[in-house]
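Peer 1: This is the structure I have questions about; it appears just below.
A short reminder: the numbers here are calculations on the coordinates, not readings from a lab. Just so it is clear, the model here is predicted, and its values are computed rather than measured. Reconstructed Cβ throughout: ideal geometry from the backbone, glycine too, with neighbour counts over all protein chains shown.
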Amino acid sequence: MPQPPPPPPPPGPAGRGRRGGGGAPSRAFVACASPEEAVAQLEALYARAAGALRAAVEAYLKTREPPSEAARAAFCYPELRVAYMPGGVQPAANRAFAKFPEPGVYATTVTQPQAFRAYLLEQLRPLVAEFGATLEVGPSAQEIPYPYVFDRGDELGRGDATAAELARHFPTPLLSAVGDEIADGMFDLKPGETRPLALFDAVRVDYSLRRLVHYTGSDWRAIQPWILLTNYHRYVDQFLDWGFAQVLDAGTHDAMVLPGNVVIRKGMTRAAAQALADTVTWHRFQMPAYHLTGGARGGVTLVNIGVGPSNAKNITDHLAVLRPHCWLMVGHCGGLRQAQQIGDYVLAHAYLRQDHILDDLVPTDIPIPALAEVQVALQEAAQAVTGDHGEALKRRLRTGTVVTNDDRNWELRWTQERRRINQSRAIAVDMESGTIAAQGFRLRVPYGTLLCVSDKPLHGEIKLPGAANAFYERAVSEHLRIGLAALDLLRSRRDTLHSRKLRSFDEPPFR
């Protein structure tokens, strides 16, 4: 098989987070005859490295005996290499992923390969079957930070070891080793250098997995590949009612996982499930998440991200490492047109981005395209759930530009905002949708937005308690059901969902 360049590669997309000291680990790579064999090798290497690191920390907490340099050399992520050296014309592939931009050797480090097994196989099988790529697996030079091998997170609570003390003897999370240079296209490759195989390497993924647990309050493994994002807790109440019906009544799904890893399972009575749900301390978590798992149609996650573009960027930065199939924003907005009514829907087809949080990463002169597959699914779902068709649907669901603003009190700057809103022809304003769409574009996750008009600030219908409560009672359940129905449609059309609009000319092969 073609031989890759001599390891280790220089610092860059495939060489981030290299060892900070000590001898380099053995770099014996093994050729793998199939994607299944490669993933099995990744699982074995990761289990060995994580187990060795965990055991060494446990031993140190008991004896204060630090690991030797030879022992520390075993604390490294596995690395996957894919070599593509065609002998003829490169095959054509209409997929948005699992293809090579050019011949070469592609590599990435991998964490939690057992959890990512289905994803890895989905990427590798076409690369081998259609392109004749060859696979190698071996230990990388990228160390696993010690906190990432402890699920319980209490290793500092036993004994009197401090973080500073453990950092002297074990690899620690380093910001210099974590970044989005690959996703943001901020890397340069020299001839013969190993190219990135995936958008995120192992240490970046592990960083986000821990952040997801912190913010959402549940195990990252419970997060489903079909995601709804909302900015109001009332959607959570409706999601719980719907989820209970799927698990306890219809039996179409296995369980619901709530913040704090509280699990509602098949076979429970409604009363028992509700009593368990009432114990959930969701308010302890900044962006609590709720997961409907299992089922032939796949699971769904709802995340209450709260209000504002900072939260929207934060959670999507971390959800992206799970490579979800789609995330949809279903939240509230201010309607900007006289003809709109409270409870009407807005299907965003463009965004006037005044959130400012992504201006350096995705400048505002970069267009964020609407994805036809998602737009069609949202409109069809709205028609199915509301029962409205033709002109009746058009009166309730309007397609147009959404302004995403970082100032909740933008109305106090109406003299400055008026001209820009007029020029953009915007029909609604919110604080998250533009950020979520830009993050989907940036991180290659299909996205869409369906908002519900909760007030009309330009036309004297401001959000007052009485009117707001009446709106919530009437609209939230229907709105959530539209989002869920859209995800059902997208699942059935998954082959066309991952749009080439999200891929550049120089993409890593993995989705």
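Peer 1: Can you name the residue in segment 25-65 that is touching a residue at least 24 places away in the same chain (Cβ under 8 Å) and of a type in the set (Val, Ile, Thr) and, of all such residues, is nearest to PHE131 (Cα to Cα)?
Peer 2: The residue in question is VAL39.
Peer 1: From the list ALA141, ALA93, ALA118, exactly one residue is in a loop (DSSP other than H, G, I, E, B) and of a type in the set (A, V, I, L, M). Which is it?
Peer 2: Details: ALA141 fails: in a loop (DSSP other than H, G, I, E, B); ALA118 fails: in a loop (DSSP other than H, G, I, E, B).
Checking each option against the conditions leaves just ALA93.
Peer 1: Another question about this same structure. Could you give me the residue pairs with C-beta distances under 9 Å whose first residue belongs to segment 277-295 and is within 13 Å of PHE244 (Cα to Cα), whose second residue is part of a loop (DSSP other than H, G, I, E, B) and hydroxyl-bearing (Ser, Thr, Tyr) wherever it lies, and which are 6+ apart or on separate chains?
Peer 2: That search, which allows pairs on different chains as well, returns TYR290/SER218; HIS291/SER218.
Peer 1: Any idea which of VAL236, VAL247 is touching a Ser or Thr at 6+ places or on another chain (Cβ under 8 Å) and touching a residue at least 12 places away in the same chain (Cβ under 8 Å)?
Peer 2: Numbers: VAL247 fails: touching a Ser or Thr at 6+ places or on another chain (Cβ under 8 Å).
None of the others qualify; the one that does is VAL236.
Peer 1: Just one of ARG396, ARG413, ARG425 is surrounded by fewer than 19 Cβ atoms within 10 Å (Cβ to Cβ) and out of contact with any Asp or Glu (no Cβ under 8 Å at 6 or more places or on another chain); which is it?
Peer 2: On the way: ARG396 fails: out of contact with any Asp or Glu (no Cβ under 8 Å at 6 or more places or on another chain); ARG413 fails: out of contact with any Asp or Glu (no Cβ under 8 Å at 6 or more places or on another chain).
Checking each option against the conditions leaves just ARG425.
Peer 1: Does LEU361 qualify as being within 20 Å of LEU480 (Cα to Cα) and either within 22 Å of the chain's Cα centre (by Cα) or not aliphatic (A, V, I, L, M) (or both)?
Peer 2: No.
Peer 1: Count, please, the residues in segment 58-79 that happen to be outside any loop (DSSP other than H, G, I, E, B), over 17 Å from LEU166 (Cβ atoms) and within 35 Å of the chain's Cα centre (by Cα).
Peer 2: Selection size over segment 58-79: 4.
Peer 1: Run down GLN375, GLN383, GLN379 and say which single residue is under 21 Å from the mean Cα position of the chain (by Cα), more than 30 Å from VAL203 (Cβ to Cβ) and assigned to a helix (DSSP H, G or I).
Peer 2: Details: GLN383 fails: under 21 Å from the mean Cα position of the chain (by Cα); GLN379 fails: under 21 Å from the mean Cα position of the chain (by Cα).
When all the criteria are applied, what remains is GLN375.
Peer 1: Restricting to segment 105-131, and then to whatever is under 17 Å from the mean Cα position of the chain (by Cα) and among the small types (Gly, Ala, Ser), can you tell me which residue is farthest from TYR77 (Cα to Cα)?
Peer 2: ALA118
Peer 1: Looking at segment 323-336, is at least one residue closer than 14 Å to TYR447 by Cβ and aromatic (Phe, Trp, Tyr)?
Peer 2: Taking segment 323-336 first, the residues closer than 14 Å to TYR447 by Cβ are 323-331.
Right, trim to aromatic (Phe, Trp, Tyr) and you get 327.
Yes, because at least one residue in segment 323-336 is closer than 14 Å to TYR447 by Cβ and aromatic (Phe, Trp, Tyr).
Peer 1: Sticking with this one: Mind checking which residues of segment 49-90 are loosely packed, with under 13 Cβ neighbours inside 10 Å and of a type in the set (A, V, I, L, M, F, W, C)? It would help to see each step written out before you state the result.
Peer 2: Of segment 49-90, the ones loosely packed, with under 13 Cβ neighbours inside 10 Å are 51, 62-65, 68-70, 87-89.
Once the filter is applied, which keeps residues that are loosely packed, with under 13 Cβ neighbours inside 10 Å and of a type in the set (A, V, I, L, M, F, W, C), segment 49-90 yields ALA70, VAL89.
Peer 1: Could I ask something else about it? Return the pairs, sorted by first residue and then second, in which the second residue is among the aliphatic types (A, V, I, L, M) and buried (at least 18 other Cβ atoms within 10 Å of the Cβ), the first residue lies in segment 401-413 and is in a loop (DSSP other than H, G, I, E, B), the beta carbons are less than 9 Å apart, and the residues are 6+ apart or on different chains.
Peer 2: Filtered contacts from segment 401-413: ASP406/ILE357; ASP406/MET431; ASP407/MET431; ARG408/MET431.
Peer 1: Considering only residues of segment 31-48 that are surrounded by 13 or more Cβ atoms within 10 Å (Cβ to Cβ) and of a type in the set (Gly, Ala, Ser), which is farthest from GLN123 (Cα to Cα)?
Peer 2: Start the filter on segment 31-48 by keeping residues that are surrounded by 13 or more Cβ atoms within 10 Å (Cβ to Cβ), which leaves 31-32, 34-48.
Filter again for of a type in the set (Gly, Ala, Ser), leaving 31, 34, 38, 40, 44, 47.
Values: ALA31: 18, SER34: 12, ALA38: 12, ALA40: 15, ALA44: 19, ALA47: 22 Å.
Selected residue: ALA47.
Peer 1: I'd like the full set of residues that are of a type in the set (Lys, Arg) and under 23 Å from ALA485 (Cβ atoms), limited to segment 267-318. I'd like the intermediate steps shown before the answer.
Peer 2: Initial filter on segment 267-318 (of a type in the set (Lys, Arg)): 270, 284, 297, 313.
ARG297 - this is the single residue of segment 267-318 that is of a type in the set (Lys, Arg) and under 23 Å from ALA485 (Cβ atoms).
Peer 1: Here's something else I'd like to know. Looking at segment 121-135, is at least one residue surrounded by fewer than 19 Cβ atoms within 10 Å (Cβ to Cβ) and in a loop (DSSP other than H, G, I, E, B)?
Peer 2: Among the residues of segment 121-135, at least one is surrounded by fewer than 19 Cβ atoms within 10 Å (Cβ to Cβ) and in a loop (DSSP other than H, G, I, E, B), which makes the answer yes.
Peer 1: Another one. Using the structure shown, decide if ALA271 is of a type in the set (Gly, Ala, Ser) and within 15 Å of ILE223 (Cβ to Cβ). Working first, answer last.
Peer 2: Values: of a type in the set (Gly, Ala, Ser): yes; within 15 Å of ILE223 (Cβ to Cβ): no.
Spelling it out, it is not the case that ALA271 is of a type in the set (Gly, Ala, Ser) and within 15 Å of ILE223 (Cβ to Cβ).
Peer 1: Would you point out which residue out of GLY335, GLY343, GLY331 is crowded, with 24+ Cβ neighbours inside 10 Å and within 19 Å of LEU229 (Cα to Cα)? Let's see the steps before the verdict.
Peer 2: Numbers: GLY335 fails: within 19 Å of LEU229 (Cα to Cα); GLY343 fails: crowded, with 24+ Cβ neighbours inside 10 Å.
Of the residues listed, the single one that is crowded, with 24+ Cβ neighbours inside 10 Å and within 19 Å of LEU229 (Cα to Cα) is GLY331.
Peer 1: Any chance segment 320-332 includes a residue that's charged (D, E, K, R) and out of contact with any Phe, Trp or Tyr (no Cβ under 6 Å at 6 or more places or on another chain)? Give the steps one after another, and end with the answer.
Peer 2: Initially, segment 320-332 is screened for residues charged (D, E, K, R), giving 323.
Subsequent filtering for residues that are out of contact with any Phe, Trp or Tyr (no Cβ under 6 Å at 6 or more places or on another chain) retains none.
Scanning segment 320-332 turns up no residue that is charged (D, E, K, R) and out of contact with any Phe, Trp or Tyr (no Cβ under 6 Å at 6 or more places or on another chain).
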